[in-house]
Amino acid sequence: WHPGHYMLVFREESHATIFPKRIREICNETALQGLQFKMDWGALEKDKGNYDFSRIDETYAALESCGKRLVLQVQVADFNSTDPTGLVPGYILTDAEYNGGVAPTRSGFIARLWDDPVMTRLIALSKALGARYDDKPNFEGIVLAETATGQVPEGYGFTGTAYVAELERAIKSMAVAWPTTNVIAYNNYMQGISDAQFI
C-alpha cells in the first residue's frame with residue numbers, strides 16, 4: 001500500500017495526450033505516487049473472452065521505468081453520453097443473454113451490473129486482469145468504478161437489493177483475483193437503498 005497523490009487521467013484524454021505528456025508530468029513530479037487511469041470495459045474486451053491489455057501494458061511499463069505506480073479504474077458507466085457503444089463489449093449489447101447490456105440514466109448509460117450474466121462477465125475481466133498484473137510490483141490498485149447509477153428508470157430490471165448483492169459478489173471475487181493488489185470500490189449514491197440498509 002503506497003498512499004499519496006495519484007494523477008487521475010480521464011478516459012476522454014486521447015492515448016496521444018497521455019503519451020508522452022502525462023507520463024512525463026507524472027515522472028517529473030515528486031509529489032505524485034503515480035497515475036490513476038480510466039478505461040472503458042469495452043476497450044479492454046473486444047470480443048467475449050478476447051482481451052486487449054496493450055494500453056495497460058504500455059502505461060504500466062512507462063510508469064515503472066520512472067518508479068511510479070499504476071491504479072486502473074474500469075469504467076462501466078458514462079453519465080454524459082447518447083451512445084453506449086464502446087462502454088461495454090459489443091456482445092454485451094447484442095447477445096440476448098444480457099438483456100441489452102446497458103440501461104439508460106438521466107444523461108447517459110450504465111452496464112446492467114444488477115443482472116447476474118452481465119456481472120459474471122465483468123468478474124471474468126477482473127480475473128483476467130488479476131492473472132496478468134497482480135504480481136506486478138508497481139500495479140497499485142484495481143478500482144470498481146462508482147456505485148451511483150444515475151437513476152435507472154423502471155423497466156430495466158433494477159432493484160437496489162439485486163445491485164448490492166452483485167456488487168458484493170464482484171468485490172469478493174476481485175479480492176481473490178487480486179490477492180496482493182489493492183481492490184477499491186467507489187461507493188456513491190445507491191439507488192433504491194436507504195442509508196440504514198447500506199450500513
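Condition first: assigned to a helix (DSSP H, G or I) and open to solvent by 50 Å² or more (accessible area, probe 1.4 Å). Can you find one or more residues in region 133-146 that meet it?
Taking every residue of region 133-146 in turn, none turns out to be assigned to a helix (DSSP H, G or I) and open to solvent by 50 Å² or more (accessible area, probe 1.4 Å).
How many residues are open to solvent by 10 Å² or more (accessible area, probe 1.4 Å), in contact (Cβ under 8 Å) with a residue 24 or more places away in the chain and either more than 20 Å from Ile92 (Cβ to Cβ) or assigned to a helix (DSSP H, G or I) (or both) if we restrict to region 37-56?
Looking only at that region, the number is 3.
Applying the selection to region 7-31, what residues are hydrophobic (A, V, I, L, M, F, W, C) and either loosely packed, with under 14 Cβ neighbours inside 10 Å or closer than 13 Å to Gln75 by Cβ (or both)?
Leu8, Val9, Phe10, Ala16, Ala31
Could you grab me the full set of residues in region 64-116 that are of a type in the set (Ser, Thr, Tyr) and either at positive phi or part of a loop (DSSP other than H, G, I, E, B) (or both)?
Hits for region 64-116 are Ser81, Thr82, Thr105, Ser107.
Checking Gly34 against (1) more than 28 Å from Gly150 (Cα to Cα); (2) open to solvent by less than 20 Å² (accessible area, probe 1.4 Å); (3) not in a strand (DSSP E or B), which test does it fail?
All conditions pass for Gly34, except number (3).
Go over the candidates Pro104, Pro153, Pro117 one by one and state the one that is surrounded by fewer than 16 Cβ atoms within 10 Å (Cβ to Cβ), within 19 Å of Val88 (Cβ to Cβ) and in contact (Cβ under 8 Å) with a residue 24 or more places away in the chain.
On inspection, the qualifying residue turns out to be Pro153.
The values are calculated or read from the model by the stated rules, or taken from the named source; none is laboratory data. Note that the structure is predicted; figures quoted are calculated from it, not measured. Virtual Cβ from ideal backbone geometry, glycine too; neighbours counted across all protein chains shown. These area figures cover heavy atoms from the full protein model, side chains too; ligands, DNA and RNA do not enter into them. Shrake-Rupley method; radii C 1.70, N 1.55, O 1.52, S 1.80 Å.
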